[in-house]
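Heads up: the structure comes next, in structure tokens.
Just so it is clear, none of the values below were taken in a lab; they were calculated from the coordinates. Bear in mind the structure is a predicted one, so any value in this text is a computation, not a measurement. Counting neighbours? That spans all protein chains shown, and the Cβs are built from the backbone with ideal geometry, glycine included.
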Amino acid sequence: MTDSSDLLFNQPVIVEACEEFVQRDMLGIKGSFPGLLQDAPMSSTAVVNGLSQQLIYQLQLIVPDAFVSFDDLNVDLLDAAFPYVQTPAKQALQRAIQDRGQTMQVNSAYRTIAQQMLLYNDRFNNSNPVAPPGASNHQTGLAIDIEDARGWEVYLMRYGWYPLPGDPPHFDYQGGGTIDLRSQSILAFQQLWNLNYPNQKISEDGGFGPQTENALNRSPAPGFSKAPWDGKPRTLRLAMPRMEGSDVLKLQEGLKKAGIVVGADGEFGPATDKAVKEFQQKKGLKPDGIVAVKTREQMA
Ligand SMILES: [Zn+2]
């Protein structure tokens, strides 16, 4: 039996039990574990939220416009689910949702290699197979796990999203026009690691071997001190999973300097959203809570 990813990338994919992972992420723990990935508790994959956000942004720098959020579609998202897919997959998802005219409950989509590492480290406590980082469909940017899968099936299949036999909530996009994001996902990590540890460089080959596995396990769960947004600022807003990192902390400090009361914890929650809107109003900007170029300019 082949699955979508075999067809797309000529590389074997391990069929995982997506439902098991979703059960853990339903714990909905917020904020990163303050230590190395290898020491993080195996609870929700949100314990590597900070590192995951850096990996996603680095990946977006590698493949601009090819890997996008779909949280603007008619979807309900689980807290720890990163709502990212490749652009053609998003367009197809949008059409399927429009056709049915209902909200889609999405429990998982893109899984970073940090999240996958966490699951893989815990593989012996699992009754079902766990793929090593880079070998899961959830690193393709072409996968979703949803509720009411059988109800959605007919709509999704119209546009190239197919169910995966043996994994009931899971669909893969096979509509074409996509790239192998799994090796790019690993490359994003390798680049970030080398940026932060120039004396312990690993090869930037997009492959997952012992060297990369070891480095990933020794990476800080809240993210590296040199972040990908240091060079090219990330657009900040209230999102799920919560945006977290040095850029959020810097924003909060800027808001405080502007005389707005807000906690500086490096996590973009509802209080930060409210503070940003207050700041925007003060500066005569549209109070949309989205921190991009215009709002940043006013903060300098
Ligand atoms: Zn899945």
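Of note:
- Principal-axis analysis of the Cα atoms of the chain puts helix 181-196 at an angle of about 40° to the longest axis.
- Put in order of Cβ neighbour count within 10 Å, fewest first, the listed residues Val68, Val85, Val130 become Val68, Val130, Val85.
- In the chain, the longest principal axis of the Cα atoms and the axis of helix 149-158 are about 90 degrees apart.
- 3J(HN,Hα) along the range 83-88: x, 10, 9, 6, 3, x Hz, from the Karplus curve 6.51 cos²θ - 1.76 cosθ + 1.60 with θ = phi - 60°, whole Hz, x for Gly and Pro.
- For the chain, excluding the exposed loop sites themselves (GluC sites (Glu not before Pro), DSSP loop, at most 16 other Cβ atoms within 10 Å), the longest remaining stretch covers 1-146.
- Asn128 sits among other residues whose Cβ lies under 11 Å from its own Cβ, and their net charge, with Lys and Arg +1 and Asp and Glu -1, is -3.
- Once the Cβ-Cβ distance of Asp79 and Asn199 is raised to the sixth power relative to R0 = 30 Å, the FRET efficiency obtained is 0.20.
- Net charge dipole size for the chain [Lys, Arg +1 and Asp, Glu -1 on Cβ; Debye, nearest 20]: 1260
- In terms of surrounding Cβ atoms within a 10 Å radius of their Cβ, Ser127, Ser108, Ser185 rank from fewest to most as Ser127, Ser108, Ser185.
- Net length gained if the chain between Leu61 and Thr103 were fully extended (0.36 nm per residue, minus Cα distance): 12.1 nm
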